[in-house]
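A.B. asks: This is the structure I have questions about; it appears just below.
The values are calculated or read from the model by the stated rules, or taken from the named source; none is laboratory data. As the structure is a computational prediction, the values presented were derived from the model and not from experiment. Here the Cβ positions follow ideal geometry from the backbone for every residue, glycine too, while neighbour counts run over all protein chains shown. Side chains are part of the model used for accessible areas, which takes the heavy atoms of the whole protein and leaves out ligands, DNA and RNA. Shrake-Rupley method; radii C 1.70, N 1.55, O 1.52, S 1.80 Å.
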Amino acid sequence: MAPVLYSAHAKVIGARTGHVEGDDLNVDLTMAKALGGAGDAGKTNPEELFAAGYGACFQSAMNASAASLGLKMPEKKEDSIIETTVYLVGDMKALDMGIRVDMKISIKGLEQGDFDKIIAKAKQVCPYSRATRGNVETNIEAVLL
């Protein structure tokens, strides 16, 4: 078993219309309007939280991958952007649901070949990518700015 590098804990009360507390997290949840809920402004949902986590993790994996390949990522944060969309898919009535992920990675200052190498390596090292591999359809669109 691999050594623990970090652990995060969250306590959920009230499911999709409840509240989440963690060491550094304190958010209210709402059921998305598309799922028949209120979609309350200022509140979030599990898919949005997953999209944020996956995007941030993948971008960190890209930074580490670039360094390991001897390549340089852009210095300005706004020159490397990941937009992640998580879709809840399936049939709610049959309780047969899953997720699909679309990720748009926009970057400035890299050659296409280097960009492709960084993404390929990040797919192999990102913990979210590894955890979802073979289980969650993940589509990546790479855009040079």
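Table: residues versus (1) small (Gly, Ala, Ser); (2) open to solvent by 70 Å² or more (accessible area, probe 1.4 Å); (3) farther than 15 Å from residue 54 by Cβ.
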{"site": "98", "(1), (2), (3)": "yes, no, no"}
{"site": "115", "(1), (2), (3)": "no, no, yes"}
{"site": "121", "(1), (2), (3)": "no, yes, yes"}
{"site": "126", "(1), (2), (3)": "no, no, no"}
{"site": "129", "(1), (2), (3)": "yes, no, no"}
{"site": "143", "(1), (2), (3)": "no, no, yes"}
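A.B. asks: Under 7 Å by Cβ, and 6 or more places apart or on different chains, what pairs join a residue from region 68-90 that is without any contact (Cβ under 8 Å) to a residue 24 or more places away in the chain with one that is open to solvent by 80 Å² or more (accessible area, probe 1.4 Å)?
C.D. replies: What qualifies is 89/97; 90/96; 90/97.
A.B. asks: When you go through (1) farther than 20 Å from residue 77 by Cβ; (2) in contact (Cβ under 8 Å) with a residue 40 or more places away in the chain; (3) not hydrophobic (A, V, I, L, M, F, W, C) one by one for residue 114, which number turns out not to apply?
C.D. replies: Exception for residue 114: condition (1).
A.B. asks: Could you check, for region 57-70, whether at least one of its residues is in contact with a Phe, Trp or Tyr (Cβ under 6 Å, 6 or more places away or on another chain), aromatic (Phe, Trp, Tyr), within 25 Å of residue 11 (Cα to Cα) and surrounded by 19 or more Cβ atoms within 10 Å (Cβ to Cβ)?
C.D. replies: Checking region 57-70: not a single residue is in contact with a Phe, Trp or Tyr (Cβ under 6 Å, 6 or more places away or on another chain), aromatic (Phe, Trp, Tyr), within 25 Å of residue 11 (Cα to Cα) and surrounded by 19 or more Cβ atoms within 10 Å (Cβ to Cβ).
A.B. asks: Output yes when any residue across region 61-79 is more than 28 Å from residue 7 (Cβ to Cβ) and in contact with a strand residue (DSSP E or B) (Cβ under 9 Å, 6 or more places away or on another chain), and no when none is.
C.D. replies: Yes, region 61-79 contains a residue that is more than 28 Å from residue 7 (Cβ to Cβ) and in contact with a strand residue (DSSP E or B) (Cβ under 9 Å, 6 or more places away or on another chain).
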